[in-house]
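Here is the structure we will look at.
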Amino acid sequence: ASPRGEGSGEMSRAREMAVEAKETAAHQVASRLDEGKHRMADTLDTVARSLKDSGRQLRDSGHGSGLVDRAAEGVERFSGFLRDTDVDEMVDRVEDFARRNPAAFLGGAFALGLVGARFIKSSGHRAERSHAAERRERMEPRLTGREPGGRVSEPGLGVGERSRYEG
């Protein structure tokens, strides 16, 4: 066999491996998108139920609930769309919409970006507050002289160290 023949065989195997890797990655991405799509649909179902409950409470108290009821129906429809529509079909629909209405698409993408940034920012603040509370709890014995069990420790003693006055 010539060196040239061996090289083309290796190239062919490398291409096959690259195609397989690409297909595997595409399948994993599609699977994750599908899972996320269903989680989002479940979350939207919860939002729709909350809106329906709010609308019912407004009706019961004699206030108008038309806007809340319409919002609940819209959220419910969108949830159904997410649950029932294939990811590829969604991408096709978004692309078609973007071609027909580029200004509306860009405005919607901008608004979605703002909402996403706000969500990420608020999630970060919640996590920060949680970590700060944990740090305060760990620092409390050093600052107040009280250990978690309520025992008073001497200044300079760490949590769990016994005071010279304790037996």
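Please pick out the residue among ARG83, ARG70, ARG56, ARG49 that is in a helix (DSSP H, G or I), among the charged types (D, E, K, R) and within 30 Å of HIS27 (Cβ to Cβ).
None of the others qualify; the one that does is ARG83.
Count, please, the residues in region 97-107 that happen to be under 24 Å from ALA30 (Cα atoms) and exposed (fewer than 11 other Cβ atoms within 10 Å of the Cβ).
1
From the set of residues in region 1-38 that are farther than 30 Å from SER79 by Cα and polar (S, T, N, Q), which is modelled with the highest pLDDT?
The selected residue is SER12.
What about GLU76, is it under 24 Å from the mean Cα position of the chain (by Cα) and either among the hydroxyl-bearing types (Ser, Thr, Tyr) or modelled with pLDDT under 90 (or both)?
No.
The values are calculated or read from the model by the stated rules, or taken from the named source; none is laboratory data. As the structure is a computational prediction, the values presented were derived from the model and not from experiment. We place every Cβ from the backbone using ideal geometry, glycine too, and count neighbours over all the protein chains shown.
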